[in-house]
Amino acid sequence: MDMIDSIQWLGQGSFAIQGPPLIYINPWRITRSTFHADVILVSHDHYDACSQADIRKLRGTDTRLFSNEKVSKEIEQVEILRLWQSVQVDRAGIKAVPAYSPSSMQHPQSDGGLGFVISVNYYDIYYAGDTELIPEMERIRPDIALLPIDGNGTLTVESALEVVKQIRPRYVIPFNWGAGTELRAKAFKDMVGGRAEVILMTPGG
């Protein structure tokens, strides 16, 4: 299976990666799954990233949940990842990277928000999280980049383009867009041009 085919956008900032292992990032408004997640990654403690109801639907006795210190105070049995710390789960390597917004109080650096670099099936997948353009991105060289483009304390279309120029992924999947903002996503795809292949996914598709 092509790696792109194993990535499912669930809407907002939520993704599933089939792996193995089965990884969910910021599960949000999901239907109850037949299969428990092997790994759940939570980037920060805002309600649309840290949904306890959705986490309960996916969490089994062997599910490992990774996040930061603030989330660990909201949810039991969270394994805290420090910035740049890596863990290995089955065939996947997971590294925590910074995610914050220098110009916005929505995601201050002091909150300890996380992005993730997930290495699986010989691909490095960068989930940027809720972040603006930050200097730490220079250290990341992924094959696939999952980037917010809503500009709501996060990357705008223009700054997401700068990230693409900087980190040079082969594929880009924008998130935090949907009904009513399709033009934004299409504009981003046009602006990226031949620098990377931009894949506009359908939520849940």
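Please enumerate the residues belonging to region 36-79 that are under 14 Å from LEU114 (Cβ atoms) and not in a loop (DSSP other than H, G, I, E, B).
If the condition is that a residue be under 14 Å from LEU114 (Cβ atoms) and not in a loop (DSSP other than H, G, I, E, B), then VAL39, ILE40, LEU41, LEU65, PHE66, SER67, GLU69, LYS70, VAL71, SER72, GLU79 are the ones that fit.
Name the pairs whose Cβ atoms lie under 9 Å apart, with the first residue in region 132-159 and under 13 Å from PRO102 (Cα atoms), the second among the aliphatic types (A, V, I, L, M) and surrounded by fewer than 18 Cβ atoms within 10 Å (Cβ to Cβ), and 6 or more positions between them or separate chains?
The qualifying pairs are GLU136/LEU83; GLY153/MET105.
Run down LEU114, LEU147, LEU155 and say which single residue is over 25 Å from ALA179 (Cα atoms) and of a type in the set (A, V, I, L, M, F, W, C).
It is LEU114.
Among residues belonging to region 171-189 that are among the aliphatic types (A, V, I, L, M) and at pLDDT below 95, point out the one that is surrounded by the fewest Cβ atoms within 10 Å (Cβ to Cβ).
ALA179
Go through region 167-187 and give me each residue that's of a type outside the set (Val, Ile, Thr) and over 18 Å from the mean Cα position of the chain (by Cα).
Matches in region 167-187: ALA179, GLY180, GLU182, LEU183, ARG184, LYS186, ALA187.
Out of everything in region 1-39 that is among the β-branched types (Val, Ile, Thr) and crowded, with 20+ Cβ neighbours inside 10 Å, what residue ends up being farthest from ASN68 (Cα to Cα)?
The residue in question is ILE7.
Looking only at region 103-138, filter to residues that are charged (D, E, K, R) and in a loop (DSSP other than H, G, I, E, B); which one of those is farthest from SER67 (Cα to Cα)? Quick ask: steps written out before the conclusion?
First pass over region 103-138, keeping only residues charged (D, E, K, R): 111, 124, 130, 132, 136, 138.
Adding the requirement that they be in a loop (DSSP other than H, G, I, E, B) leaves 130, 132.
Working: ASP130: 14, GLU132: 19 Å.
Among residues in region 103-138 that are charged (D, E, K, R) and in a loop (DSSP other than H, G, I, E, B), the one farthest from SER67 (Cα to Cα) is GLU132.
The values are calculated or read from the model by the stated rules, or taken from the named source; none is laboratory data. What you see is a predicted model, and the numbers here were worked out from it, not measured in a lab. Glycine gets a Cβ as well: all are built from the backbone with ideal geometry, and neighbour counts include every protein chain shown.
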